[in-house]
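One structure below.
Nothing in this text is a laboratory measurement; each read-out follows from the coordinates by a stated rule. Everything numeric in this text was worked out from a predicted model, so none of it was measured. Here Cβ is always computed from backbone atoms with ideal geometry, including for glycine, and neighbour counts include all displayed protein chains.
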Amino acid sequence: MWNRFLTMSCLVTACLLPGATLLAADVPHATALTAPISIAPYQLPADNTMPDDEFGKLVRLGKRIFTDTGKYAGKYVGNDLSCSNCHLDAGRLANSAPLWAAWVKYPAWRGKNKMVNTMEQRIQGCFRYSMNGTPPPADSDELKAIMSYSFWLASGAPTNTDLPGRGYPALAKPAEPPDFERGRKVFARNCALCHGADGQGTKADGKVVFPPLWGKGSFNWGAGMHRINTAASFIRANMPLGKGGSLSLQDAWDVAYFMNSHERPQDPRFAGDVKATDKAFHQHQCRYGDKVGGEILGMK
Amino acid sequence: MNQNLTRIPLLLLALSASPWLCAASADGRTIATQGNGKGATACIACHGQHGEGNADAGYPYLAGLPVAYIKNQLTAFSNGTRKNAVMQPIAASLSQQDIAAVADYFAGLTNDKLAGSAATSTDASGKGAVLAHNGKWVAGVPACFRCHGADGRGVAPHFPPVVGQPEAYVRNQLAAWQTGTRSNDPLGLMQSVVKSLSKDEIDAVARYLAAQSGK
């Protein structure tokens with residue numbers, strides 16, 4: 001539900017946001033994003049240093065799954081997305097929820113399911129919500145491959161450390177509360193070129209190139225990206241591709257609000273009642289259970 | 001009412017409309033092969049009999065490009081947002097109708113370089129291949145194939161194919177985005193992408209892209 005935006009302070013929001021770093025919340029947003037994006041304090045390994053052995057095979061498979069999830073882990077995927085749609089540069093890019101920064105922070109307690117999650121469980125959550133699919137078992141080749149790829153990317157990184165660039169940088173509140181109509185205009189101007197006039201995404205040769213942002217091919221109501229603040233943070237840091245940081249703070253919030261005011265696949269925790277699901281799982285900055293254009297979001 | 005009867009006028013309408021459609025595409029072919037008689041010379045003189053381009057001279061192929069992309073380029077040549085001594089006067093001599101017709105014509109031609117299914121590799125090595133497949137994201141450079149399609153054969157309507165074009169052409173375009181002699185890119189995406197590419201990187205990626213094509 002959306003009224004949380006009006007009642008929660010920015011700091012509290014940043015604490016609840018699973019992908020955001022507390023470190024980034026202390027950095028003034030305007031300067032943080034116009035400066036060159038700093039990479040981890042160590043060198044990420046290059047692809048051609050993937051080991052030439054059984055472990056290396058899994059690392060390669062992990063990268064393939066990351067960039068073309070439907071092709072390499074199709075039985076666990078229920079939409080048109082790939083991991084790399086939200087974790088840019090195949091999970092390498094700082095401020096785009098990079099895998100190396102996540103690797104060193106798990107196991108960790110998560111407010112989302114109120115328990116300590118292993119890295120496997122965290123990845124399974126991505127499949128259940130962001131990929132609107134089925135969690136791959138911990139001993140499946142697919143999950144072992146993503147684990148291996150993450151581990152390899154984090155080569156040399158200090159464990160149990162909040163690395164700079166983890167998650168998406170938390171955003172300050174906008175001057176004006178986010179607005180649907182303003183967001184529609186920001187979308188038409190900056191996003192529709194790739195994501196389509198109706199957010200349906202763009203395919204070439206039957207293959208998704210630019211992902212659908214809502215509707216049945218997109219992430220479901222349980223995914224982190226359905227939260228306005230998470231989406232605004234990702235968008236401001238990374239969109240449009242190659243022009244991260246170019247949208248104003250207000251534009252990022254408005255367009256995130258617009259994007260997430262559309263219907264998408266049901267929250268898999270739904271047990272027959274939108275109100276109850278809203279109350280149990282959506283006490284944060286989102287539009288689930290809100291009325292938009294005469295329809296309650298989350299009814300489909 | 002008998003539904004078959006209602007279909008007859010529609011059928012007649014369709015038949016009577018089709019010669020007009022053929023005439024429109026013939027216009028495109030005429031301009032492409034003979035020019036428009038108003039200052040625009042024949043496209044095929046430089047871009048090849050079948051729009052296949054001329055690798056030695058660095059003239060790009062036009063066959064199979066997205067129709068909207070061709071239109072946008074001709075419009076950009078005529079309004080100066082894409083500067084080119086040869087193309088600007090030619091584009092300025094084309095009417096809006098001419099542009100639409102010639103764009104339709106070349107978009108409809110088959111192009112061997114864009115046919116078949118290209119192998120996609122995610123384990124690229126070599127500077128050009130790495131830029132094409134992986135990019136240099138830390139410097140704000142997405143992979144070429146991120147937006148131009150997994151095998152670089154374009155994503156209509158806005159992202160043209162980038163594989164199989166002459167090496168000199170690709171190099172010149174990347175340089176043109178950098179110097180600003182080409183500024184007709186939607187959202188300024190290409191101008192932004194090329195900002196941090198070195199001359200070496202431009203050479204490498206142009207060489208790599210030119211060498212790729214449909215199998």
Taking every residue of B:55-63, the Cβ atoms of other protein chains inside 10 Å of its Cβ average out to 0
Excluding residues fewer than 8 positions from B:K199 in its own chain, the aspartates and glutamates with Cα under 19 Å of it are B:E167
Subtracting the Cα-Cα distance of A:D290 and A:E54 from 0.36 nm times their residue separation yields 80.0 nm
Nearest-0.05 FRET efficiency for A:K275 and A:S248 at R0 = 35 Å, using Cβ-Cβ distance, is 0.50
For chain A the mean separation of alpha carbon contacts under 8 Å (6+ apart) over residue count, i.e. relative contact order in percent, is 22
Expected max-MSF residue from A:L99, A:L163, A:L241 in the GNM of chain A (alpha carbon, under 10 Å) is A:L241
In deg cm²/dmol, rounded to the nearest 500, the helical mean residue ellipticity at 222 nm of chain A, built from -39500 (n - 2.57) for every DSSP H run of length 4 or more, is -10000 deg cm²/dmol
Note: B:D112 to B:N79 extended length (0.36 nm per residue) minus current alpha-carbon separation gives 8.7 nm
Taking Rh as the Kirkwood radius computed over alpha-carbon pairs of chain A and applying Stokes-Einstein at 25 °C with viscosity 0.890 mPa s, one gets a diffusion coefficient in µm² s⁻¹ of 126
With R₀ set to 22 angstrom, the calculated FRET efficiency between the beta-carbons of A:A192 and B:A139, to the nearest 0.05, is 0.25
Of A:G224, A:G156, A:G167, the most mobile residue in a GNM of chain A (C-alpha springs, cutoff 10 Å) is A:G156
Stretched fully, the stretch from A:K71 through A:K216 gains (0.36 nm per residue minus C-alpha distance, one decimal, in nm) 50.4 nm
For A:W109 and B:A68, extending 7 Å from Cα along the Cα-Cβ vector and measuring point to point gives, in nm, a value of 5.1
Over 25 Å (Cα to Cα) among A:K112/A:K144; B:K83/B:K195; A:K173/A:K300; A:K216/A:K279 -> A:K173/A:K300
Between B:T41 and B:A168, the two model label points (7 Å from Cα along the beta-carbon direction) sit apart by a distance in nm of 1.5
If one builds a Gaussian network model of chain A from Cα atoms under 10 Å apart, the most fluctuating residue listed among A:R227, A:R92, A:R269 is A:R269
Mean separation of Cα contacts under 8 Å (at least 6 apart) over the residue count of the stretch A:47-153, i.e. the relative contact order in percent, is 33
